[in-house]
Amino acid sequence: MTTLIINIQELLQVRETSVSKVSGAEMAILPTIKNAFLLIKDNLIADFGEMKNLPEIKADKVIDATGKVVLPSWCDSHTHIVYAGNREQEFVDRINGLSYEEIANRGGGILNSAKKLNETSEDEIYEQSKVRLEEVMRLGTGAVEIKSGYGLTVEGELKMLRVIQKLASNYPITIKATFLGAHAFPSHYKENKNGYIDEIITKMLPEIAQNKLADYVDVFCETGYFSVEETEKIMQAGIQHGLVPKIHVNQFNSIGGIQAGIKFKALSVDHLEVMNPEDIEALKNTETMPVALPSCSYFLSIPYTPAREMITAGLPIALATDFNPGSTPSGNMNFVVATACIKMKMTPEEAINAATLNGAYAMGVSATNGSITKGKKANLILTKPISSYYQIPYAFGSNLIESVFVEGEILE
Ligand SMILES: [Zn+2]
């Protein structure tokens, strides 16, 4: 099956040779081709170029993209879309003045989601989660990382990871799984934190590794959650079981989690709303991708990741949604890109690089996703007619997507 898209007003994120990530000043450069064609063959990007160089091709299907933009699908490297129920009541509690920490202390927050998850059957969790996955696919996400972390028991965590595995085998988009048993301490371990860490290391990790249920290991390294020392212990155990670390750090406090992540070669350090100069310095010349989650800052009214300072310092940035029931009940990467421009003062070029190429890096899929490169997956967004790609962040809240391609097929 071949599909040829012709007369593309502008084809974005064109990389002749595969680039794994862009950093610092490179982030401002978004390579494009105006008046372009793109050929899809066997689910992959087979060829592209200027219309004037279009070779004679007999394609099974031809799509005229006059006035429209084509770009690689979003790569959302940080989500928690497998969960049960929702936390609307806490949303209203926060409007009425309670803080995220106060809600957590009242049995809300992550523990509330964990209670719901453990009370819900695996099939029901799958049914609820697939609705969210289908929604983000329609919003242009072509690769997504999904975390566990609402089980907080051996059975609950395995149940979540099995649901992620089932989504990955039933849906054509690229899915990576992360084990986040260290998301919070369950209430029955409140007075015995080492007991829970032991359970993670001696019971959960071996079972997960044996059944190949996760690619990454994650920890919520934060005051009141997991200390730097505990985070290091869990990352180390994860590595011993073949999992690469990706960690939650610097959301509310800078406690040395970034440095710990770098020490254990974390693929990404995520959140980063609170960044000291030492944190920025530590990330320079490392292979660890800083990931910003602007929808979370928006929803919780907390600071945004200081993207400008970080880019000026030469760092890369990836953008992700953090889709989860408590702090970001939205998986809309279009909103993330717009918010990065509006609130973090990233340029459209920087934000699109951060949400495609660098997002792919942050979830370990840059060989197959994140750019228009021959041989990569034909996971693409075709916009409605727009005046330029600046419309994507500018017209925030509008759905500018006409169709989404997943492995070369238009999503119906
Ligand atoms: Zn998260």
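Against the test of being under 23 Å from Ser388 (Cβ atoms) and among the hydroxyl-bearing types (Ser, Thr, Tyr), the options Thr32, Thr3, Thr17 yield a single qualifying residue, Thr32.
The criterion of at least 2 residues that are surrounded by fewer than 24 Cβ atoms within 10 Å (Cβ to Cβ) is met, among helices (runs of 4 or more DSSP H) falling completely within the range 314-382, by 333-344, 348-355.
Exactly one residue out of Val70, Val82, Val19 is assigned to a loop (DSSP other than H, G, I, E, B), in contact (Cβ under 8 Å) with a residue 60 or more places away in the chain and away from the ligand (no atom under 16 Å from the Cβ), and it is Val19. Scoring Arg94 on the criteria (1) over 21 Å from Asn358 (Cβ atoms); (2) within 24 Å of the chain's Cα centre (by Cα); (3) modelled with pLDDT under 95; (4) not hydrophobic (A, V, I, L, M, F, W, C) leaves a single failure, condition (2). Kindly check whether there is at least one residue in the range 134-156 that is more than 16 Å from the ligand (Cβ to nearest atom), part of a strand (DSSP E or B) and among the aliphatic types (A, V, I, L, M). Yes, the conditions are met somewhere in the range 134-156.
No other residue among Asp322, Asp270 is at positive phi and within 16 Å of the chain's Cα centre (by Cα) apart from Asp322. Taking helices (runs of 4 or more DSSP H) as the structural unit, those lying wholly within the range 182-269 and holding at least 3 residues that are closer than 16 Å to Lys147 by Cβ correspond to 228-240.
Whether a residue is of a type outside the set (Phe, Trp, Tyr), touching a helix residue (DSSP H, G or I) at 6+ places or on another chain (Cβ under 8 Å) and buried (at least 19 other Cβ atoms within 10 Å of the Cβ) was assessed, and Gly140 passes this test. Does Thr141 qualify as being modelled with pLDDT of 95 or more and closer than 21 Å to Asn369 by Cβ? For Thr141, the condition - modelled with pLDDT of 95 or more and closer than 21 Å to Asn369 by Cβ - is met. Looking across the range 86-115 at every residue that is part of a loop (DSSP other than H, G, I, E, B) and surrounded by fewer than 16 Cβ atoms within 10 Å (Cβ to Cβ), the one that is nearest to the ligand (Cβ to nearest atom) is identified as Asn86.
Here is the figure for the range 247-304: residues that are within 12 Å of the ligand (Cβ to nearest atom) and basic (Lys, Arg) total 0. Evaluation of Ile311 against the conditions (1) in a helix (DSSP H, G or I); (2) at pLDDT below 95 shows that the sole unmet condition is (2).
The values are calculated or read from the model by the stated rules, or taken from the named source; none is laboratory data. Quantities reported herein were computed from a predicted structural model and do not represent experimental measurements. Cβ coordinates were reconstructed from backbone atoms using ideal geometry, including for glycine residues, and neighbour counts include every protein chain displayed.
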